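For reference, the structure is listed below as structure tokens.
The values are calculated or read from the model by the stated rules, or taken from the named source; none is laboratory data. Computed from a prediction, not measured in an experiment: that's the story for all the values here. Cβ: placed from backbone, ideal geometry, glycine included. Neighbour counts: every protein chain shown.
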Amino acid sequence: MGVNSEDPVDYPDIAALACNEFKKGGYDFGILLCGTGIGVSITANKIKGIRCALIHDLLTAEMAKAHNDANFIAFGGRVKYSVPVTKMIEKFMDTNFAGDRHIRRVEKIMEAEKTV
């Protein structure tokens with residue numbers, strides 16, 4: 001999913017499209033991209049069932065999965081990372097959710113969707 005032309009697009013539209021496709025099933029996780037990663041991650045986290053982490057390095061890639069069981073990760077195309085994005089994606093993919101005390105915390109994150 002994404003952009004196939006030089007025409008401008010609104011990143012919230014692409015983020016919502018990707019998240020809603022993910023929710024249909026058949027995917028392990030999703031990756032969102034915009035200029036900084038901020039806008040797509042904010043949008044994704046507004047969609048019920050999505051836990052999107054804005055990744056900056058290997059530690060945040062690992063913790064996004066190990067502690068938060070993120071199902072989306074976001075990056076910025078204009079950001080200069082100290083580690084290649086492919087390495088951060090690999091770290092995320094190679095990490096398992098730690099469970100244990102983090103289950104309770106992830107449940108609380110998801111419960112926040114129900115608040116007004």
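Per this entry, Ile38 is counted among residues that are under 12 Å from the mean Cα position of the chain (by Cα) and either basic (Lys, Arg) or surrounded by fewer than 17 Cβ atoms within 10 Å (Cβ to Cβ) (or both). Right, Lys65: modelled with pLDDT of 95 or more and either within 21 Å of Asp28 (Cβ to Cβ) or of a type in the set (A, V, I, L, M) (or both) or not? Judged against the criteria, Lys65 is a match. Name the pairs whose Cβ atoms lie under 9 Å apart, with the first residue in segment 100-115 and touching a residue at least 24 places away in the same chain (Cβ under 8 Å), the second part of a helix (DSSP H, G or I) and surrounded by 10 or more Cβ atoms within 10 Å (Cβ to Cβ), and 6 or more positions between them or separate chains? Cβ pairs passing all conditions: His102/Ala66. Among the residues making up segment 20-47, those that are of a type outside the set (S, T, N, Q) and in contact with a strand residue (DSSP E or B) (Cβ under 7 Å, 6 or more places away or on another chain) are Phe22, Phe29, Gly30, Ile31, Leu32, Leu33, Cys34, Gly35, Gly37, Ile38, Val40, Ala44.
Residue check, Tyr27 against (1) assigned to a helix (DSSP H, G or I); (2) in contact with a helix residue (DSSP H, G or I) (Cβ under 9 Å, 6 or more places away or on another chain); (3) hydroxyl-bearing (Ser, Thr, Tyr), all met but one. Which one? Unmet condition: (1).
None of Ile73, Ile103 is touching a Ser or Thr at 6+ places or on another chain (Cβ under 9 Å) and at pLDDT 95 or above except Ile73. Within the set Ile14, Ile50, the sole residue that is crowded, with 17+ Cβ neighbours inside 10 Å, assigned to a loop (DSSP other than H, G, I, E, B), of a type in the set (A, V, I, L, M) and in contact (Cβ under 8 Å) with a residue 12 or more places away in the chain turns out to be Ile50. Within segment 87-106, the set of residues being outside any helix (DSSP H, G or I) and either of a type in the set (Val, Ile, Thr) or surrounded by fewer than 12 Cβ atoms within 10 Å (Cβ to Cβ) (or both) comprises Thr95, Asn96, Gly99, Asp100. The number of residues in segment 20-32 being crowded, with 19+ Cβ neighbours inside 10 Å and over 22 Å from His102 (Cβ atoms) comes to 1. None of Arg51, Arg78, Arg104 is over 22 Å from Tyr11 (Cα atoms) and not acidic (Asp, Glu) except Arg104. Every residue in segment 56-86 that is part of a helix (DSSP H, G or I) and surrounded by 14 or more Cβ atoms within 10 Å (Cβ to Cβ), please. Residues satisfying the conditions are Leu58, Thr60, Ala61, Glu62, Met63, Ala64, Lys65, Ala66, Val85.
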